[in-house]
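The values are calculated or read from the model by the stated rules, or taken from the named source; none is laboratory data. Since we're looking at a predicted model, the values are computed, not measured. Heads up, the Cβs are rebuilt from the backbone with ideal geometry, glycines too, and the neighbour counts pull from every protein chain shown. The area values use the complete protein model at the heavy-atom level, side chains included, leaving out ligands, DNA and RNA. Shrake-Rupley method; radii C 1.70, N 1.55, O 1.52, S 1.80 Å.
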Amino acid sequence: MRVLLFAIGTRGDVQPFVVLGRALQGRGHEVHIAAPPGYDSMIEAAGAVYHKLPVDFQTMIEKPEIKAAITSWRGRLRAFRASADMMNEQLSAIWQIGLDVAPDLIANHFKTALAPNLARKLGAVSLPIMLQPGFMPTRAYPQFFFSSYPLGGFGNLLSHRLILALMRFGTGIMIRRWQKHSAIDIGEPMDPMSAYSPGGAVHRVHAYSAAICPRPDEWPDSEVQTGYFFAEPEPFDPPEALAAFLNAGPKPIYIGFGSMPGLNHERTNLAVLEALERTGQRAIVATGWGGIANMAASDKVHSLEAVPHTWLFPRVASVVHHGGSGTTHEGLRWGRPSVVCPVFADQPFFGRRVTELGVGPAPIPHNKFSGARLASALECALDNGVGARAEELGQEIRKEQGISRAVDLIEACVKG
């Protein structure tokens, strides 16, 4: 079977699809992964064929107009209008890669707007994969853009329907604009998260933990919740300075904000240092290209650009992060209490779930991030009772077999 995976976004979007690709390749399938620049070595190490997409999200997310899009609806509208040429190029690349690969199955998330149309053109199966809740209406919880509001069952349902309608509307504009620009006729644009199968039976995959967000009872059987696509821990030889810091005292805190652009480096750094001083904790600080700048090394702080979470998280006491699906799952997988400092999208939702599950304090929105707030949150996270609940949740998550369930479903979709 030839499988084409579209992994569009930042590392948190790409890595789960690479993990899935590795598992499919291990079952003897031919795997192609289309992803932004910079992920070729990761994809090729997984045994898959890499196809480069033109949009570099790491560069794009640092542009002022994209930063504005993260923090306001007006900014999102302006960014949508300004990105026409970029999205035309991206859609053309997606379409051409699909034609060149001619897969039996396409797996993608919502950022690959053409996937179901492409599958229909090729007579292939289209299998949407959701890495976070929010793409299937339910009364059980609100759509993540409304996660801060107590809406009740009916309000929750309406919030999902509203956001999905807006997504379909915006995607339809984008695809029709591309069709006019490229002179490619794909027929009526399909819902970007719809499934397609020439055989009729269709499924959609919800690749997040049922221990964190249980599957709503009202969903049809075609909505399959597998669990998250975790990478297996791999051997890692830590730099000497990192190993020495870990061995120099009790387990430190991990602090890192993933792919979030730097909102205010100075304020974030000062808040982190103040919180460590107030609590007497040590921290490993990952700068990456998020909201933290380099910090001077001390007996309290070890600063680095990046380190494999699968190796580091079992060695820390708590995880302070932005609340992205990948980091939330990885921290809780190892039974580590979380302090979530959300910026946008699904991050407030996961911050709320951490609190509701009793495995971390109330989230600290990034615009309210301060040393005093972080210190108070750390004291809560490091409470023995919170740690015990986090470990219990981690045991549940570690029992889930998200990857193997997804691979089984993919094989059944094509054979069926």
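Partner aspartates and glutamates whose Cα lies under 15 Å from the Cα of Lys111, excluding those fewer than 8 positions away in the same chain, are identified as Asp13, Asp56, Glu89, Asp191, Asp346.
Computed about the Cα centre, the dipole magnitude for the chain is approximately 1000 debye when only Lys and Arg (+1) and Asp and Glu (-1) carry charge, each at its Cβ. Other residues whose C-beta falls under 11 angstrom from the C-beta of His109 contribute a net charge of +1, scoring Lys and Arg +1 and Asp and Glu -1. Across the alpha-carbon atoms of region 228-333, the computed radius of gyration and Dmax are 13.3, 37 angstrom. Put a dot 7 Å past the Cα of Ser222, heading toward its Cβ, do the same for Ala45, and the two dots end up 3.8 nm apart.
Using C-alpha pairs under 8 Å with a sequence gap of at least 6, the mean separation divided by the residue count of the chain gives a relative contact order of 14 percent.
Spatial offset of region 88-105 relative to region 292-348 amounts to 35 Å, using the alpha carbon center of each. With the simple spin-label model, which puts each label point 7 Å out from Cα in the Cβ direction, the Asp100 to Glu396 separation comes to 4.5 nm. Considering only Val202, Ser298, Gly153, and ranking their Cα positions along the charge dipole of the chain that arises from unit charges at the beta-carbon of Lys, Arg, Asp and Glu, the one farthest toward the positive end is Gly153. A Cβ-based charge dipole, computed about the Cα centre of region 98-215 with Lys and Arg at +1 and Asp and Glu at -1, lands at about 280 debye. Remark: region 265-416 projects, on average over all directions, an area of 10.1 nm² (convex hull of Cα atoms).
Remark: spin-label model distance Ile184-Ala412 equals 3.3 nm, labels positioned 7 Å along the Cα→Cβ axis. Straight-distance candidates among the aspartates and glutamates for linking to Lys415, with alpha-carbon spacing under 20 Å and chain neighbours fewer than 8 residues away dropped: Glu30, Asp104, Asp221, Glu223. Atom-type composition of the exposed protein surface of the chain places 53 percent of the accessible area on carbon and sulfur (1.4 angstrom probe).
One equal scatterer on each Cα of the chain, no solvent, Debye formula: the resulting log10 I(q)/I(0) at q = 0.12 Å⁻¹ is -1.00. Bridge orientation summary for the chain: considering DSSP beta bridges with both residues in this region, about 5 percent are antiparallel.
How big is D for region 89-141, in µm² s⁻¹ as a whole number, if Stokes-Einstein is applied with the Kirkwood radius of its Cα pairs at 10 °C and 1.306 mPa s? Don't jump to the answer; show the numbers that get you there.
Working: Rh = 12.1 Å.
In µm²/s, the coefficient is 131.
Cross-link check: pairs Lys300/Lys399; Lys52/Lys180; Lys251/Lys399 evaluated at a Cα-Cα cut-off of 29 Å; pairs beyond the cut-off: Lys300/Lys399. Pairs of Cα atoms nearer than 8 Å and 6+ residues apart set the relative contact order; for region 103-195 it is 35 percent. Heavy-atom accessible area, probed at 1.4 angstrom with all protein chains present, ranks Tyr50, Tyr149 as Tyr149, Tyr50, highest first.
When you count, for each residue, the other Cβ atoms within 10 Å and take the mean per peptide, how do 140-148, 186-194 rank with the highest first?
Output ranking for 140-148, 186-194: 140-148, 186-194.
So, for region 272-416, what is the accessible surface per residue at a probe of 1.4 Å, expressed in square angstrom?
Spelled out: the 1.4 Å probe surface of region 272-416, per residue, equals 39 Å².
Estimated translational diffusion coefficient (Stokes-Einstein, Kirkwood radius over Cα pairs, 25 °C, 0.890 mPa s) of region 193-276: 135 µm² per second.
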